[in-house]
Amino acid sequence: MSFSVEYINDELYMEKVAVRDITDSVGTPCYIYSYSSIENNFNSYSDSLSELNPLICYSTKANSNIAVLKIYSKLGAGFDIVSGGELKRVLLAGGDTSKVVFSGVGKTEAEIEEAIKAEILFFNIESIDELHAINRVAISLNKIAPIAIRVNPDIDPKTHPYISTGFKKSKFGIEIGNSINVYREASNMQGINIIAIDAHIGSQIFELSSFNDSLQKLTHMADTLIKENINIQYIDIGGGLGITYRKDETPPSMEEYAGIIKNHLMNKPYRPVIEPGRSLIGNAGIMVTKVLYTKEGSEKNFIIIDAAMNDLIRPAFYNSHHEIIPVMQNEKATNTVDIVGPICESGDFLATDREFPPVANGEYLAVLSAGAYGFVMSSNYNTRPRAAEVLVHGDSINIIKEREYFEDLIRGEKIPDFLSE
Ligand SMILES: Cc1ncc(COP(=O)(O)O)c(C=O)c1O
């Protein structure tokens with residue numbers, strides 16, 4: 001298991017810190033990330049692919065706390081961004097913009113301008129309209145924008161439909177069959193410099209054959225473009241490698257994944273760019289929550305906790321499984337329970353029909369594999385302030401995002417004059 005926590009004398013620890021020490025000082029719910037786990041995951045990517053000199057562009061959307069981005073920046077990562085806001089975060093974290101790639105189907109002209117001015121590595125273009133917009137903005141700034149076309153290779157990544165992105169019917173990228181014409185058009189544009197080809201087929205992928213098929217199509221396309229004197233220097237294969245959510249789940253190893261990339265790119269003139277998110281930080285984080293109440297019904301038993309779907313939406317949104325364990329390990333006997341939050345929605349659960357040991361009110365539970373797409377997808381639904389975020393490094397506890405307060409939530413709200421009379 002690759003979770004970033006372990007029991008020592010029946011008490012849950014992350015690195016050298018007892019989780020209970022964090023709940024005592026920070027309260028719950030809170031997200032906790034392990035520095036060493038983040039670092040190890042990154043090094044495992046860069047070591048396994050070192051022969052290819054890869055550019056690892058951490059997918060900022062997975063967890064965009066600026067302290068987290070700072071870690072990746074210090075480790076030498078680049079960044080995959082999908083908004084002007086993410087670019088600002090990367091800048092705040094001291095990230096190297098010459099290692100930034102910008103994906104997303106709806107980049108605005110203002111965002112394009114900011115990215116051109118920041119001299120990012122390249123834009124991943126997702127439509128002909130966007131290509132024209134980038135060309136237009138670049139010319140107006142008297143600059144040349146480096147680009148890749150994000151092709152849609154029509155590959156089934158065999159994952160949840162909401163995180164499958166490489167099908168023909170998906171909104172992402174340009175159909176690979178049409179992309180050659182778009183490349184030709186782009187090659188004649190004054191404000192555009194073509195340097196790469198890109199695809200991202202989905203997330204939480206366990207089937208390496210999907211990456212293999214995608215790489216096959218990308219390298220074939222790149223070779224074709226080179227023959228047309230279109231100077232492809234990078235092949236960006238996106239992110240998507242799966243992680244362990246269920247304790248009995250084994251994702252492909254880094255060596256197997258790297259082996260596929262090497263098969264296609266060794267001795268080729270293209271530098272690989274990868275955009276991992278989940279596989280870099282997913283298992284490096286947990287969310288900790290407190291048991292408020294327990295309730296027994298004739299058909300269901302419930303554990304009601306102080307975290308809800310607004311804090312971690314993945315179970316409600318994708319029906320995802322997260323392992324949940326007590327912070328103090330207790331009895332081995334279990335009951336079947338639903339672990340639910342306080343929000344007024346039946347979809348507000350973190351686990352259903354789960355075998356779980358008896359717990360008392362006030363006990364703490366840890367929700368595992370919550371480092372990616374956890375806090376970043378949280379909301380204020382039901383006027384619930386968002387959780388605090390903590391980074392553990394050795395024996396140090398570092399608050400990297402303060403818990404929100406009610407005042408933060410209503411900032412900007414106003415009662416119009418006609419209602420105040
Ligand atoms: C364009 C792009 N690149 C990279 C990623 C990261 O994917 P993952 O977190 O599965 O590695 C995503 C996530 O959806 C994405 O949309």
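Nothing in this text is a laboratory measurement; each read-out follows from the coordinates by a stated rule. Predicted model, so just to flag it, every value in this text is computed and none were measured. Every residue, glycine among them, receives a Cβ derived from its backbone with ideal geometry; neighbour counts consider all protein chains shown.
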Would you mind pulling out the separation of the Cα centroids of the range 104-180 and the range 53-83, in Å? 19
Using bins 10 angstrom wide from zero, how does P(r) for the chain break down, in % of all Cα pairs? 4, 21, 29, 23, 15, 6, 1, 0
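Computed FRET efficiency, Cβ-Cβ of S36 and S420, R0 41 Å: what is it to the nearest 0.05? Could the numbers behind the result be given before it?
On the way: r = 54 Å, r/R0 = 1.32.
Efficiency computed from Cβ-Cβ geometry: 0.15.
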Cleavage-rule hits (GluC sites (Glu not before Pro)) in the range 171-223: DSSP loop, at most 13 neighbouring Cβ within 10 angstrom: none
Mind listing the long-range amide H neighbours of T352? Cut-off is under 5 Å, sequence gap 5 or more, other chains count too, H placed in the peptide plane at 1.01 Å from N. I339
Are there GluC sites (Glu not before Pro) in the range 253-309 that DSSP puts in a loop and that have at most 13 other Cβ atoms within 10 Å, and which ones? E299
Show me, bin by bin at 5 Å from 0, the whole-percent P(r) of the range 104-274 based on Cα pairs. 2, 9, 18, 20, 19, 15, 10, 5, 2, 1, 0, 0
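Return the FRET efficiency for the residue pair T336, D156: r is the Cβ-Cβ distance, R0 is 35 Å, and the value is rounded to the nearest 0.05.
It comes to 0.55.
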For the range 267-273, in order, what is each residue's ³J(HN,Hα) by Karplus, 6.51 cos²θ - 1.76 cosθ + 1.60 with θ = phi - 60°, in whole Hz (x at glycine and Pro)? 6, 9, x, 10, 8, x, 10
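Restricting attention to the range 357-419, which GluC sites (Glu not before Pro) occupy a DSSP loop and are surrounded by at most 10 other Cβ atoms within 10 Å?
In loop regions of the range 357-419 (DSSP not H, G, I, E or B), the sparsely surrounded GluC sites (Glu not before Pro) are E413.
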Run the simple label-point estimate for A110 and L92 please: 7 Å along Cα→C-beta, distance reported in nm. 1.7
Quick one: if the Förster radius is 41 Å, what FRET efficiency do Y7 and E345 give, using the C-beta to C-beta distance and rounding to 0.05? 0.80
Find how much the distance from I139 to E402 grows on full extension, using 0.36 nm per residue of separation minus their present alpha carbon separation; answer in nm with one decimal. 90.4 nm
Around G341 (Cβ within 11 Å, Cβ-to-Cβ, excluding G341; K/R +1, D/E -1) the net charge comes to -4
The answer for the longest stretch of the chain without any exposed trypsin sites (Lys or Arg not before Pro) (DSSP loop, at most 15 further Cβ atoms within 10 Å) is 17-142
Report, by chain and number, residues whose modeled amide H sits under 5 Å from the one on K401, excluding near sequence neighbours (fewer than 5 apart, same chain). E389
Hey, got the dipole for the chain? About the Cα centre, +1 on K and R Cβ, -1 on D and E Cβ, debye to the nearest 20? 920
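Just list whichever of K88/K247; K16/K88; K61/K169; K16/K99; K61/K171; K171/K401 have alpha carbons separated by over 30 Å in the model shown.
On the way: K88/K247 36 Å; K16/K88 33 Å; K61/K169 23 Å; K16/K99 33 Å; K61/K171 18 Å; K171/K401 33 Å.
Those over the limit are K88/K247; K16/K88; K16/K99; K171/K401.
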